[in-house]
Each structure stands twice: as structure tokens, then as C-alpha cells.
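Enquirer: The structure is given below, and queries will be raised subsequently.
The values are calculated or read from the model by the stated rules, or taken from the named source; none is laboratory data. Note that the coordinates shown come from a computational prediction; the quantities given were computed from them, not determined experimentally. Reconstructed Cβ throughout: ideal geometry from the backbone, glycine too, with neighbour counts over all protein chains shown. We work out accessible area using only protein heavy atoms, side chains counted, and drop any ligands, DNA or RNA first. Shrake-Rupley method; radii C 1.70, N 1.55, O 1.52, S 1.80 Å.
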Amino acid sequence: MNILIIGATSGIGNFLYSHYIACGNHVAIMGRRKYILDKLCAENPTNTLAFQVDISDTSSFNNAFAEIIKSFKNIDLAIVCAGIGELNESLNIEQELAVLSTNVIGWTNVVDTLYNHFDKNGKGHLVTITSIGGLQPTPTAPSYSASKAFQINYTKSLQAKARKTGITVTEIRPGLVDTRMAKGDGLFWVMPLEKVSKQIIKAIDNKKKLCIVTKRWRVLNYIVKHYM
């Protein structure tokens, strides 16, 4: 397969890259940290294309995607892991706008570009990594929780749009995962990255519509959805 992973330099995206490249796929990766991209490319030069991209800069993504299509011709599976989130109780406006620029503006440009590519080809699999954090507003990270709520609902809209087409849209909705994104004191139910990633891979293989990882977070998802 030809696979694109956006946000491959850390966390879930990095684990997924390692899995798919080990399976012999051609994998294009995007991320902000060039030294990690260079390292991954050097380790698997034949099957890896790497581009330094900050998705908040929409032209940066658009240019990189055009180069990927020139090389791959088409994408079979695209996984959108890129995103940022910071604790911001003081409501520093620059910080809030930076989160929205990445998680809403940049993210929307990415998923729409990918969806339109799949629509043109009549097939494809789009995977978005959202968050349980999008189910409830939080005063410690308001822009993050709001942006994840946006992503959840936007993904649902794309799923409705994809009905009766050859496009599959999967939402992966993690709880707290042991990555750099897990911030704050007194965190609970922080899940190991490997365990979460393996469940994500299985959900992608099965082309599930929604996968909440891990299982214990499905309980909280149900409670928030039905009782809060």
C-alpha cells in the first residue's frame, strides 16, 4: 500500500510508521522535526518519503502533498495524527490561536485535501486521530478540548458524506496516552503507547467507523455522552 502519516515524528504516528514500514508498505511521512524525519528516512530510504511540514502553514502541506502524489501517484491510506495542545488556564491568546491554527484550520485543510484525493480516485481510507478530550470542555485547556470537539464532529460529517462511496473514514478517539500530549498533574488511566497503537492498527485493518482506545476509556465515553 501507499500510506501517508501526518504527525509521524512522535507518539502514535511514529509507532504507526514503524509498523507499516516493517510490513513492506511505501510510507510518506510529515512532521515538524526534521532531524527525526531524516533519521527515519536514513533507516528506510527505499520505502520512505519524508517532508518537514507544520500543518498550520497550509501551503507547506499542500506543496508536500503535491510532491507525494508525483511520487506515489495515489494514496491508499492516510492517517492524520498531527496536532498540538497545551495547558492554558491564563488564556494566553497567542497560545490559544496557535492551537486553533493547527487543530482546526490546518487540520481541516489536511482532511479535506485527503478526502478530495480519495473522492477523485473513487476509493481510499482516511483515519483521523481525535481525543476523548473533545467530549467535555476543560478550563485548563479550552482551545484543545474545543478543537477536538470540532474534529470529532467534522469526521462524522465526512463519514456521512462518504456513504455509498468507496471511501472509508475511521475516527480513532484515544483517552490519555503516554506521549508528550499527556500533560497536567494527577492524570489517571494513562495508557501505554504500544497497547494503544496496536488497538489502532487493528481498528484500521478492520475499517471501523469509530474506535475508542483503550477499552476502559469506552466507559468514560459512554458516561459523558449519555449522562453529562
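Enquirer: For the chain, with every protein chain kept in place, what is the accessible area per residue (1.4 Å probe, Å²)?
Expert: Value returned for the chain: 49 Å² of accessible area per residue.
Enquirer: Hey, can you grab everything whose amide H is under 5 Å from the amide H of residue 213? Only 5+ residues off in sequence or another chain; H modelled, so Pro and N-termini drop out.
Expert: Under 5 Å from the amide H of residue 213: 173, 175.
Enquirer: Further, regarding this structure: Set the bar at 29 Å for Cα to Cα. Now go through 39/202; 120/148; 39/123; 164/202 and name every pair that lies beyond it.
Expert: 39/123
Enquirer: Compute, for residue 125, the solvent-accessible surface of its heavy atoms (probe 1.4 Å) with the complete set of protein chains present, and express it in square angstrom to the nearest 10.
Expert: 10
Enquirer: Taking a temperature of 25 °C and a viscosity of 0.890 mPa s, what whole-number D in µm²/s does Stokes-Einstein yield for the chain with Rh from Kirkwood over alpha carbon pairs?
Expert: 138
Enquirer: FRET efficiency for residue 62 and residue 120, Cβ-Cβ distance as r, R0 = 22 Å, nearest 0.05?
Expert: About 0.90, to the nearest 0.05.
Enquirer: Heavy atoms only, probe 1.4 angstrom, no DNA, RNA or ligands counted: give me 163, 32 ranked by accessible area, highest first.
Expert: The ranking, largest first, comes out as 163, 32.
Enquirer: Tell me which residues come under 5 Å, amide H to amide H, from residue 84 once H is placed; ignore anything under 5 positions away on its chain.
Expert: Residues meeting the amide H criterion: 103.
Enquirer: Once the Cα gyration tensor of the range 126-179 is diagonalised, what are the square roots of 5 times its eigenvalues, in whole Å and ordered largest first, as equivalent ellipsoid semi-axes?
Expert: Equivalent ellipsoid semi-axes, largest first: 24, 12, 6 Å.
Enquirer: Can I ask one more? Tally up the carbon and sulfur contribution to the accessible surface of the chain as a whole percent, 1.4 Å probe, everything protein left in place.
Expert: About 53 percent, which is the carbon plus sulfur part of the accessible surface.
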